[in-house]
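> Supplied in structure tokens, the structure appears directly below.
Since every read-out is calculated from the coordinates, none of them should be taken as a lab result. Just so it is clear, the structure is predicted and the values come from calculations on it, not from any experiment. Neighbour counts are summed over all protein chains in view; Cβ atoms, including those assigned to glycine, are modelled from backbone coordinates with ideal geometry.
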Number of protein chains: 2
Amino acid sequence: MTILDELKFDKNDLIPVVIQDNNTKDVLMVAWMNKESINLTISNGYMYYWSRSRSKIWKKGETSNQTQKLVELRIDCDKDSLLALVEQNGVACHTGTKSCFFETIQNNKFVRNQDIITSPETLYNK
Amino acid sequence: MTILDELKFDKNDLIPVVIQDNNTKDVLMVAWMNKESINLTISNGYMYYWSRSRSKIWKKGETSNQTQKLVELRIDCDKDSLLALVEQNGVACHTGTKSCFFETIQNNKFVRNQDIITSPETLYNK
């Protein structure tokens, strides 16, 4: 029995996690974890997620090297969502922006709020 | 046709939203929205959510007066999660803490990281 048994996973045994840059406090992304990926994250000190599209665990940055070092893992009052404070190596988004939340909804349009720092080609075609 | 048609809602027609304090950058909570609650939020300028436990739309603070004024609404690269920057009136959590993420997972324990600012009795028994 571990404390993770108190978490409320959804019907797919997943829990959403908000990833926040520990230095800038930017919200970088939202991902999903199952119990195994939480255990891997805690034991290795780097973020692991459950990929809903590929149905497998992945270590953030395993291909792109844009890893996320865990600083602190928090749980909310309902115990059904997580917040991870991380040290982001490079950029969080596969499109090359620091944060995945690079568009603002404004006047019925998506307006870019961040520049691309590293091109996707650089991130994935090494 | 509005831009909200491009959002990817889940099987329950919901999308998760991260709520971040626009001043302190604290992550306050995670909630869920349907299209109607997003429209209400945009048109009224205050956060409205879908309550999964009560199966209804609610305005944050409708009982407690701890409202959240929308500053900016962002969407992520996959268009399946939202980030709302808000001006929080008082506290976000029904337990009386500023943020719902008031516990840290540490050494297989939940460790409180915030004090209660306003008692739940004060928030709900006016």
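> Can you name the chain B residue with its Cβ nearest the rotation axis from B to A, and give the distance in Å as a whole number?
B:Lys25, 2
> Hey, another quick one. Please rank A:Phe102, A:Phe110, fewest neighbouring Cβ atoms within 10 Å first, as an exposure proxy.
With the fewest neighbours first, A:Phe102, A:Phe110 line up as A:Phe110, A:Phe102.
> Tell me which residues come under 5 Å, amide H to amide H, from B:Trp32 once H is placed; ignore anything under 5 positions away on its chain.
B:Val17, B:Trp50
> Which value, in debye to the nearest 20, describes the size of the charge dipole of chain B about its Cα centre when Lys and Arg Cβ atoms bear +1, Asp and Glu Cβ atoms bear -1, and nothing else is charged?
About 320 debye.
> For B:Lys8, project a label point 7 Å along Cα to C-beta. Then give me every residue of the stretch A:22-46 with its amide nitrogen under 18 Å of that point.
A:28-34
> Can you give the average number of partner chain beta-carbon atoms within 10 Å of each beta-carbon in peptide A:103-111, as a whole number?
5
> Right, something else. Run through the other copies and list how far each one's label point is from that of A:Thr2, in nm with one decimal, shortest first; the point sits 7 Å from Cα along Cα-Cβ.
Between copies, matching label points for A:Thr2 lie 4.3 nm apart.
> On to the next question. Compute the label-point distances linking A:Asp78 to its equivalents in the other copies; points lie 7 Å from Cα along Cα→Cβ; give nm, one decimal, shortest first.
Those separations, rounded to one decimal, come out as 1.9 nm.
> Moving on. If you fit an axis through the alpha-carbon atoms of helix B:35-44 and take the longest principal axis of the Cα set of chain B, what angle between them do you get, 0 to 90°, nearest 10?
80 degrees
> If each residue's Cβ is checked for other Cβ atoms within 10 Å, how do A:Trp58, B:Trp32 rank with the fewest at the top?
Lowest count first: A:Trp58, B:Trp32.
> What is the set of long-range amide H partners of A:Val71 at a cut-off below 5 Å, with H atoms built 1.01 Å from backbone N?
A:Leu85, A:Val86, A:Glu87
> Follow-up. Please list, in order along the stretch A:104-120, the HN-Hα scalar couplings obtained from phi with the Karplus expression 6.51 cos²θ - 1.76 cosθ + 1.60 (θ = phi - 60°), rounded to whole Hz, x for Gly and Pro.
So the J values, rounded to whole Hz, are 9, 7, 8, 6, 6, 9, 9, 10, 5, 10, 8, 8, 6, 8, 10, 5, x.
> Could you derive backbone 3J(HN,Hα) for the stretch B:4-11 from the dihedral phi with the Karplus parameters 6.51, -1.76 and 1.60 (θ = phi - 60°), listing whole Hz in sequence and x where the residue is Gly or Pro?
5, 5, 7, 6, 9, 7, 7, 4
> Whole angstrom only: what separates the Cα centroid of the stretch B:57-104 from the Cα centroid of the stretch A:75-90?
Rounded to whole Å, the Cα centres lie 15 Å apart.
> Let me ask something else about it. How high is the relative contact order of chain A, given as a whole-number percent (alpha carbon pairs under 8 Å, six or more residues apart)?
21 percent
> Next question, about the same structure. Taking 7 Å along the Cα-to-C-beta vector as the label spot, tell me the B:Asn113-A:Thr63 distance in nanometres, rounded to one decimal.
Computed distance between label sites B:Asn113 and A:Thr63 equals 3.0 nm.
> May I pose another question? Quick check on my link table: of A:Lys25/B:Lys11; A:Lys79/B:Lys79; B:Lys35/B:Lys109, which ones sit more than 27 Å apart, alpha carbon to alpha carbon?
Cα-Cα > 27 Å for A:Lys25/B:Lys11; B:Lys35/B:Lys109; rest within.
> Same structure again: Quick query: amide H of A:Ile57 versus all other amide H atoms, modeled in the peptide plane; which residues come in under 5 Å with a sequence gap of 5 or more or a different chain?
Result for A:Ile57 returns A:Ser51.
> Provide an ascending nm list, one decimal, of label-point separations from B:Ser53 to the equivalent residue in each further copy; define each label point as 7 Å from Cα along Cα→Cβ.
3.4
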